[in-house]
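Chemist: Encoded as structure tokens, here's the structure I'll be asking about.
Nothing in this text is a laboratory measurement; each read-out follows from the coordinates by a stated rule. Since we're looking at a predicted model, the values are computed, not measured. Here Cβ is always computed from backbone atoms with ideal geometry, including for glycine, and neighbour counts include all displayed protein chains.
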Amino acid sequence: MLGFERIKGFTLIELVVVVALISIMLFLAIPRFQSDFLTDSTKKVSRWILYKVPALKENAFREQKKYVLHVGIDSEKLWITHEGMSDEELQDAEMDGFILPDDIKLQDVEFPDERIISSGRADIYFYEKGYSDKAIIHMVHDGDHWLSFLMEPFLPQVYLYSKYVGFED
């Protein structure tokens, strides 16, 4: 029998359709991938604070321990301790703290009693009853873009403002 043998494979049209579908999926997925994994420094800092503060309130209540968020203004570092930690654990907590990226600077921490701490270390307390000190952490990004993180005592969330916000505002 002299016939043509059928060659198994894909047609050009099938290949073009598959490549087009893969291209569309990548076009839609890459921006999401970049926003989740290739974040800029302000998102990184914001996520850290927005996640840690509610967790600190919950941990303080659940474990019935006082927690402290230390804001090292001069060292550009944030770290967490709780009562009952040994001296070695306290030092380790500071060493392992969250170091701010180079383009973000801590400016000050403001408390409602008109206390503004702009050097050294400011401590924000989280109490066993599930509330915290009321405070605003001020940071500046690239020298002219402000970030203000407002912590309310009885609310779990942190309010983020993209400007300098004080208690007088």
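Chemist: Quick one: net charge around Y127, please, counting Lys, Arg +1 and Asp, Glu -1 for every other residue with C-beta under 10 Å from its C-beta.
Modeler: +2
Chemist: Taking just the C-alpha trace of the chain, give me its Rg and Dmax in Å.
Modeler: Gyration radius and largest Cα-Cα distance of the chain: 25.3, 99 Å.
Chemist: Same structure, new question: Treat every Asp and Glu Cβ in the chain as -1 and every Lys and Arg Cβ as +1, leave all other atoms uncharged, and give the resulting dipole magnitude about the Cα centre to the nearest 20 debye.
Modeler: 980
Chemist: Cβ under 13 Å from G143's Cβ, G143 left aside: what net charge do those residues give with Lys, Arg +1 and Asp, Glu -1?
Modeler: Local charge sum for G143: -3.
Chemist: Cα to Cα, under 30 Å, and not fewer than 8 places away if on the same chain: which lysines meet these conditions relative to K57?
Modeler: K43, K44, K65, K66, K77, K105, K129, K134, K163
Chemist: About its Cα centre, how strong a charge dipole does the stretch 70-127 have in debye, to the nearest 20, once Lys and Arg get +1 and Asp and Glu get -1 at the Cβ?
Modeler: Result for the stretch 70-127 is approximately 180 debye, rounded to the nearest 20.
Chemist: Select from the chain the helices, each a whole stretch of DSSP H, whose alpha-carbon atoms run 15 Å or more along the helix axis and whose Kyte-Doolittle mean is at least -0.5; answer none if there are none.
Modeler: 12-37
Chemist: Only Cα pairs within less than 10 Å get springs; with that Gaussian network setup on the chain, which residue of S23, S132, S46 has the largest fluctuation?
Modeler: Largest GNM mean-square fluctuation: S23.
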